[in-house]
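Down below is the structure, laid out as structure tokens.
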Amino acid sequence: MDDIAADLELSKTTLYLYFKNKASLYFAVVIKGEVILLDTFKDAVKNEKTGLGKIKSIILAYYHYIQVYSDYYQLNLSTRSPRFMKLLESNEDNETKIENAEEYIELKKDLLGILTEAISLGIKDGTLRKDLDPIQTVMFLGSTIEDMVLLSPVNQLLLETYEITTKGYLQHSIDMLLQGIARKKE
């Protein structure tokens, strides 16, 4: 907290007026990134009419978010660690209570809700397979999308070796993913 206060040119006491502890400050920064992501997803789906179209737009929006807001994305990754989960679970102790933990959880629900609504719409409008479970599909899509847009250095090298562009690979991956969940035309 001393370092942060110094960087902000505030006294540590003033900083504690806004944030009860380090965890609350950390959550505030994570929440800012999640709000940006939520707004990005909302913008991505607002002009799409089909569930399949919304999912494709979400994938592209997530790719854009990771490229433009990589620092927030890295914080998002850190929220998946056991240590972070312990912070959430131990949110009863007054000494370590994180005031904004509930806001973080609600944002996560909102993000999942956008994808779940897109999947449910796709099942209803016939663009997605009717046998999909929306929640399990959201979990699958989340992991798969991340693997598509975050190439390891080895995979990046392989793409370059075979003269495949990152955009070309991303488009190919999106096509394959969407074919797997799209309703087959009869």
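The values are calculated or read from the model by the stated rules, or taken from the named source; none is laboratory data. Predicted, not measured: the structure shown is a model, and the values here were computed from it. Virtual Cβ from ideal backbone geometry, glycine too; neighbours counted across all protein chains shown.
Given the conditions (1) loosely packed, with under 14 Cβ neighbours inside 10 Å; (2) not in a helix (DSSP H, G or I), and given that ILE98 satisfies all but one, which numbered condition is not satisfied?
(1)
For the condition closer than 26 Å to THR137 by Cα, among the basic types (Lys, Arg) and surrounded by fewer than 19 Cβ atoms within 10 Å (Cβ to Cβ), what is the one hit in LYS46, LYS54?
Working: LYS54 fails: surrounded by fewer than 19 Cβ atoms within 10 Å (Cβ to Cβ).
Just one listed residue meets the conditions, LYS46.
Only one of (1) at pLDDT 90 or above; (2) surrounded by fewer than 16 Cβ atoms within 10 Å (Cβ to Cβ); (3) part of a helix (DSSP H, G or I) is not met by THR14, so which one is it?
(1)
Give the residue, chosen from LEU88, LEU112, LEU151, LEU75, that is aliphatic (A, V, I, L, M), touching a residue at least 40 places away in the same chain (Cβ under 8 Å), over 27 Å from LYS185 (Cβ atoms) and touching a helix residue (DSSP H, G or I) at 6+ places or on another chain (Cβ under 8 Å). Reasoning before the result, please.
Values: LEU88 fails: touching a residue at least 40 places away in the same chain (Cβ under 8 Å); LEU112 fails: touching a residue at least 40 places away in the same chain (Cβ under 8 Å); LEU151 fails: touching a residue at least 40 places away in the same chain (Cβ under 8 Å).
Checking each option against the conditions leaves just LEU75.
Search the range 115-141 for residues being without any contact (Cβ under 8 Å) to a residue 60 or more places away in the chain, in contact with a helix residue (DSSP H, G or I) (Cβ under 6 Å, 6 or more places away or on another chain) and assigned to a helix (DSSP H, G or I), and hand back the single one that is surrounded by the fewest Cβ atoms within 10 Å (Cβ to Cβ).
Among those residues, the one meeting the criterion is THR116.
I'd like to check something: does the range 18-37 contain any residue that is in a helix (DSSP H, G or I), among the acidic types (Asp, Glu) and loosely packed, with under 14 Cβ neighbours inside 10 Å? Can you show your working first?
Quick first cut of the range 18-37, residues in a helix (DSSP H, G or I) only: 18, 22-37.
With the extra rule that they be among the acidic types (Asp, Glu), the set shrinks to 34.
Filter again for loosely packed, with under 14 Cβ neighbours inside 10 Å, leaving none.
No, because not a single residue in the range 18-37 is in a helix (DSSP H, G or I), among the acidic types (Asp, Glu) and loosely packed, with under 14 Cβ neighbours inside 10 Å.
Any chance you could count how many residues in the range 116-139 are hydrophobic (A, V, I, L, M, F, W, C), modelled with pLDDT of 95 or more and under 20 Å from VAL35 (Cβ atoms)?
Let us first name the residues in the range 116-139 that are hydrophobic (A, V, I, L, M, F, W, C), namely 118-119, 121, 123, 128, 132, 135, 138-139.
Next, only the ones that are modelled with pLDDT of 95 or more stay: 118-119, 121, 123, 128, 132.
So of that shortlist, the ones also under 20 Å from VAL35 (Cβ atoms) come out as 118.
Matching residues across the range 116-139 total 1.
Pairs please, first residue from the range 162-186 and surrounded by 11 or more Cβ atoms within 10 Å (Cβ to Cβ), second anywhere and in a helix (DSSP H, G or I) and not hydroxyl-bearing (Ser, Thr, Tyr), Cβ atoms under 6 Å, 6+ apart in sequence or on different chains.
TYR169/LEU159; SER173/MET148; ILE174/ILE59; ALA182/LEU52
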